[in-house]
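The values are calculated or read from the model by the stated rules, or taken from the named source; none is laboratory data. Here the structure is a predicted model, which means the values were calculated and not measured. Cβ: placed from backbone, ideal geometry, glycine included. Neighbour counts: every protein chain shown. Keep in mind that these areas ignore ligands, DNA and RNA; they rest on the heavy atoms of the full protein, side chains included. Shrake-Rupley method; radii C 1.70, N 1.55, O 1.52, S 1.80 Å.
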Amino acid sequence: MSSLKGKFTKTIFQNHSTGYTIGIIKVSDTDSEELAEYINRSITFTGYFHELNEVDTYEFFGKIVQHEKYGEQFQVESYDRCRPESKNSIIEFLTSGLFKGIGEKKAKSIVDVLGADTLKIILETPDNLILIPGITKANVDTLHNRLKEYEASYQVIMKLGDMGFSTKDSMLIYNTYKGKTIDIISEDIYRIVYDVFDIGFKKIDMIALNNGVEKDALIRVCAATTYIMDEVSNAYGHSYYYYEEILNYLNRVLGISISSDLFDQAIIKLEADSKIVEKEGRYYLKEMYQAECLIVKRFRLLANNEGITSKKIDDVIAELEEHFGISYNEEQRRAIIDSYEKDFLIITGGPGTGKTTIMKGICEVYRELNKLSYERLQEKVALLAPTGRAAKRMSETSGLRASTIHRFLKWNKENNKFQVNEYNKSKVEFVIIDEASMIDTYLMASLLRGISANCKIVMVGDDHQLPSVGPGQLLHDLIDSEKLPVVKLEQLYRQGADSNIISLAYDIRNGCVKRDIFNEEEDLTFIPSSPEEVISNIMEISETYKDYNYKDFQILAPMYKTICGIDEINKKLQDIFNPKSKTKKEMRIGEVVFREGDKVIQLTNMPDDNVYNGDIGIISRITSSPKKEIEIEFDYNSVRYTPSNFSNFRLAYAISIHKAQGSEFSIVIMPVVRNYNKMLYRKLVYTGITRSKKKLFLIGNLDALDVAVANTESDIRRTTVKEFLVNGIK
């Protein structure tokens, strides 16, 4: 780590909530040969700071980095503020603007009398300043209070650094608690877990133990309890837990045996502090309980609204059929009518039942009956989906603008909060949500907070697909309750009723696969294969399709590891689809070589660049010198990556079935072998199979497919949305 000293001269950018700053410092000294050329010159710096001024001298500790747009910068990991010592520097400090009412004349008078000890005297014996001609009591109070505040805040940040917090974390903590920081963390350092986003339990726990907190301290047990409930919810999808279950996890996480008495004390405190809720022996995080209650109350209210009717709706539907050259079946017609007449509706159906066609019809009927232009329609109706891929597909098929739910709610990734919320609601009057099976409980509750209580809602999805990655199984619970309006689409529409892919999908839904369905027609092929032979068979098929558009052809697999996992498949298929070439630049990142022309998938949401988790693109450019940079094209949207976010994408010749949810491909290859173990379950293989529109290759063992179809254990999640809808909220 290098250091440099200098004067802060300019702010380029500053986030006031986090303290993140991009600025300019004029360097006066450094311990680094690499930085020696900057002495008496300026350099751009980045880092987290409390309060920089143009008078103090600062010492920054960090390293030189190369920014893709702005070139060389000094990335600050920590810093010290050098107190002014010479008379001239003290005068400059007092006249810097920090002290209202102190001009150069008064500052000079103070320093002439008090000398080099001026700042110490102002802090410790401020009344001595009254003896200085021209200095008023108001001046003394201003100097003392502001300097005390300035010194105190700096000392707090330094104290946090001494405890083990990074400068970034110290800034986040200080900006949350301000002058109360030390008192709060002295009483309960684990409050940071609840109050400060992006500083988790594990980090706080390590620092707490290093600073004297006992392993069996009540505050530690409380924080670990909520941490466990949150982590396990995200891992298994449950919304509540039982006493013994949490206690067993606690013993593992804390590394000691927790007595029932101590755990009881933690439960009592967490309930009193409104962190958890207990109902009939079930323990919920308060946010989860409130989310389930909000969903149940809102949907029940909307479902019980009287709704509206229109004598013209049949005529409008007939006009649409003629205009688009289609004929809605009775189920589809009922879905369109109910979407207009009811304030809440679920439309569910498997592949080929025309869910996408219906959504377009719903929008057109709503527009026509409300006499709206397309511009006004977009103001009143929001088309939403959980993923970027699903939103793009929704937009392409409807001809209307669609977005992810996160984008609609204006998600702020820095604090993980939505700017459209209960205090700043959207003005839309009608929300249509596609791929609703993917929506978790928390996200749905956030959406409901961001729209008005009387906003119409239509949810469209297939509840036989994988549930949400986050906690809950919302679409399934809503349908299974039989307390809300649901239109079930069962008549096949897309691909025709004779599609073997669709027949297989429905067999899987029903828990029974007929073996004579395979290899009868060209759309569904099964290739027997041992785990060791899977990749060679995939490669052989891929040779046939290597010239296809990358959006049309996809390999899907349940796992990343094992000999026939996603990682191994990608290594082999890269040589087929994008072999090494003198004309293509490449770069090794970890164990993977990426080259221009590679198919890749985005792993995280990057809303500022309009690219989202699950988006698939092509590497268009790689630069290694003078700076490392990879440019990826996503549907005509070009995104540049630097080493700081190279981990945000990976090769995508093969992707996980979870990542493929919400997408469709003309041709899909899916291995199904015993090696996938616990990842062989019904909803997973059903979701994978239904990603294919025209041709599906299954490679592996039919016994493994039978095991997967019979396994519904992985589908079970403990939630109470259905129970609350049926029996009322407890």
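Comparing the chain with the 2.2 N^0.38 Å rule of thumb, its C-alpha radius of gyration ratio is 1.15 (two decimals). Of all DSSP-defined beta bridges confined to the chain, some 60% are antiparallel rather than parallel. With respect to the chain, whose longest principal axis is taken over its alpha-carbon atoms, helix 313-324 is tilted by about 90°. Taking amide H atoms as placed 1.01 Å from N in the peptide plane, the amide H of I527 lies under 5 Å from those of L698, I699, G700, each 5 or more residues away in sequence or on another chain. At a Förster distance of 25 Å, what's the computed FRET efficiency of E287 paired with M206, Cβ-Cβ distance as r, to 0.05? Working from the Cβ atoms, E equals 0.50.
Each label was represented as a point 7 Å from its Cα along the Cα-to-Cβ direction; for D117 and D31 these points are 3.2 nm apart. When all alpha carbon pairs of region 628-730 are counted in 10 Å bins from zero, the resulting P(r) reads 12, 30, 25, 22, 10, 1 %. Using a probe of 1.4 angstrom and keeping all protein chains present, the accessible surface of the chain works out to 46 square angstrom per residue. Measuring nothing but protein heavy atoms, the accessible surface of region 558-665 at 1.4 Å probe radius is 50 percent carbon and sulfur. Rounded to the nearest 20, the Cβ-based charge dipole of region 226-374 about its Cα centre (Lys and Arg +1, Asp and Glu -1) stands at 240 debye. When the helices of the chain are scored as -39500 (n - 2.57) per DSSP H run of n ≥ 4 and the total is divided over every residue, the value at 222 nm lands at -12000 deg cm²/dmol. Using R0 = 56 Å, the C-beta based FRET efficiency linking N424 and E532 works out to 0.50. With an a/c value of 1.5 or above and a/b not larger than b/c for the gyration tensor axes a ≥ b ≥ c computed over the alpha-carbon atoms, region 564-647 is described as oblate.
Along its three principal directions, the equivalent ellipsoid of region 97-180 from the Cα gyration tensor extends over semi-axes of 31, 12, 10 Å, largest first.
Placing R0 at 30 angstrom, the Cβ-Cβ distance between E520 and N549 gives a FRET efficiency of 0.65 after rounding to 0.05. Taking GluC sites (Glu not before Pro) across region 422-454, the ones in a DSSP loop with at most 14 further Cβ atoms lying within 10 angstrom of their Cβ are E422.
Among the chymotrypsin sites (Phe, Trp or Tyr not before Pro) found in region 535-575, those both in a DSSP coil and sparsely packed, with 15 or fewer other Cβ atoms within 10 Å of their Cβ, are Y548, Y560. Of the trypsin sites (Lys or Arg not before Pro) in region 171-259, the ones in a loop by DSSP (not H, G, I, E or B) with at most 16 other beta carbons within 10 Å are K215.
Over all pairs of different C-alpha atoms, region 688-730 has a mean inverse distance whose reciprocal, the Kirkwood radius, equals 14.0 Å. Extending 7 Å from Cα along the Cβ direction at K584 and again at D141 yields two label points whose distance is 7.3 nm. Taking 0.36 nm per residue of separation and subtracting the Cα-Cα distance, full extension of the segment from Q75 to D273 would add 67.3 nm.
If you fit an axis through the alpha-carbon atoms of helix 566-577 and take the longest principal axis of the Cα set of the chain, what angle between them do you get, 0 to 90°, nearest 10? Tilt of helix 566-577: around 80 degrees. Taking all Cα-Cα distances within region 499-579, those exceeding 17 Å account for 57%.
Here the simple spin-label model places points 7 Å from the Cα toward Cβ, and for E231 and T9 these points are separated by 4.8 nm. Where the centre of each part is set by its Cα atoms, how far does region 506-528 sit from region 352-366, in angstrom? Using only Cα atoms to place each centre, the spacing works out to 29 Å. Treating each Cα of region 138-193 as one equal point scatterer and applying the Debye formula with no solvent, the log10 of I(q)/I(0) at q = 0.12, 0.16, 0.27 Å⁻¹ comes out as -0.31, -0.50, -1.06. About its Cα centre, the chain has a charge dipole of approximately 1280 debye under the convention of +1 per Lys or Arg Cβ and -1 per Asp or Glu Cβ, with nothing else charged.
Note that region 67-124 shows a convex hull volume over its alpha carbon atoms of 135 Å³ per residue. Taking the Kirkwood radius as Rh and the Cα radius of gyration as Rg, region 207-361 has a ratio of Rg/Rh equal to 1.27.
For helix 167-177, what angle does its Cα long axis make with the longest principal axis of the chain, in degrees from 0 to 90 and rounded to 10? Taking Cα atoms only, the helix is inclined about 90 degrees. Distance from the C-alpha centroid of region 87-117 to that of region 664-718: 75 Å, rounded to the whole angstrom. From most to least packed by mean Cβ count within 10 Å, the peptides 282-288, 415-421, 370-376, 222-228 give 222-228, 282-288, 415-421, 370-376. By the Kirkwood approach, averaging reciprocal distances over each pair of separate Cα atoms, region 272-372 gets a hydrodynamic radius of 16.3 Å.
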